[in-house]
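The values are calculated or read from the model by the stated rules, or taken from the named source; none is laboratory data. It should be emphasised that the depicted structure is a prediction, and the values quoted were computed from it without experimental measurement. Quick reminder, even Gly has a Cβ in these numbers, built from the backbone with ideal geometry, and neighbours come from all protein chains shown. Side chains are part of the model used for accessible areas, which takes the heavy atoms of the whole protein and leaves out ligands, DNA and RNA. Shrake-Rupley method; radii C 1.70, N 1.55, O 1.52, S 1.80 Å.
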Amino acid sequence: MEAEKRVASSKKAENNRDKKMTRKEILEKKKKVQEIIKAALSEKDPLSSFPSFHHYSTKDLSVYLDSGRGDYLSSSVKQYIQYLLKVNMEVAYGTEWPKEEKVKRREMVSSEARYIFVYETVNADANIMFKLSKKGRSNADGTDDKGHLVAFVHYRFTIEEEIPVLYVYELQLEQRVQGKGLGKFLMLLIELIAQKSKMSALVLTVQKANMTAIHFYRNKLRYLISTMSPSQMGLQSNYEILCKSFDSETKAVLEITAYKVIQNPSCKASYKVLACQLDDNETCEEVA
């Protein structure tokens, strides 16, 4: 019943917004959004605008980044993507994996799919490797003239709730390069690409069984559960939709705005928190 009320309330609010706009204004807004998406898709190499993100190095890891798109993937890169997805995601999806794997194989070669590929550099300067990357040849073992693939990001420019967003379909790292700050580095780059492309938010889906990913996005990167997530519609599902909005108008649409006050028994202080953003095992921070 409560879920039905929320859905009805959401539709009523949307209708009220539409009533305040004339038909011409609605059409102009939709046209503007479509133009933003078209312009983003026409960008040949989004990575070129961020030279400081062409490579990433730590004490025991040196990699460089390259961009790509789904309809230009070599056969070996396709094999690598399928392999890493299976290794990283099969357990999280459980019995749903065989069906989901087929879906992901179709998604990865779409002309709308955009990629950031991460290559490990061995005994070579990352800047030199980046310059050579455009000439690389791929082999079936996951290595090529560019180096050895160790991670990738699959993202798209799309429309959600009539808002232009960058949707992260996949962020996949080999286990041996995890925990070195590379995932956070890649997500920061994706956020910059989204903002430069005039996207209003960054959206992603995470499996509830993948607790490591949930901790990474919610706690480290401060992503919030979106109003589009099944859990906010009273639906049972194995995933959550998370988002990070870049402007107040988008926040009002994609992020939950209902608050609740809870009592901290240890210090008798009251805390105002987003009602849907607090899990049973999480702590909260005081809001001024």
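Spacing of the modelled spin labels on Arg222 and Val122, each 7 Å from Cα toward Cβ, amounts to 4.0 nm. Note on Thr58 and Thr22: with the Förster distance fixed at 41 Å, the Cβ-Cβ geometry gives a FRET efficiency of about 0.15. Annotation: extensible slack from Ser237 through Glu43 equals 66.3 nm (criterion: 0.36 nm per residue apart, minus Cα-Cα distance).
Once the mean of 1/r is taken over each pair of separate Cα atoms and inverted, the stretch 59-100 shows a Kirkwood hydrodynamic radius of 12.6 Å. Remark: the stretch 27-258 carries 51 Å² of accessible area per residue (probe radius 1.4 Å; ligands, DNA and RNA excluded).
Site pair Gln178 and Val103 shows an inter-label distance of 2.1 nm when each label is modelled 7 Å from Cα along Cα→Cβ.
Couplings 3J(HN,Hα) for the stretch 227-243, derived from phi with the Karplus relation 6.51 cos²θ - 1.76 cosθ + 1.60 (θ = phi - 60°), are 5, 7, 5, x, 5, 8, 10, x, 9, 8, 7, 9, 9, 10, 9, 10, 8 Hz, where x marks Gly and Pro. Given their separation in residues at 0.36 nm each and the Cα-Cα distance between them, Thr212 and Asp71 gain 47.7 nm when the chain is fully extended. In percent, rounded to a whole number, the relative contact order of the stretch 27-258 is 18, using alpha-carbon pairs under 8 Å and six or more apart. Using a cut-off of 25 Å between Cα atoms, the listed pairs Lys30/Lys198; Lys99/Lys196; Lys32/Lys196 include Lys99/Lys196 as exceeding that distance.
Between Ser111 and Ser248, the contour length at 0.36 nm per residue exceeds the alpha carbon distance by 46.2 nm.
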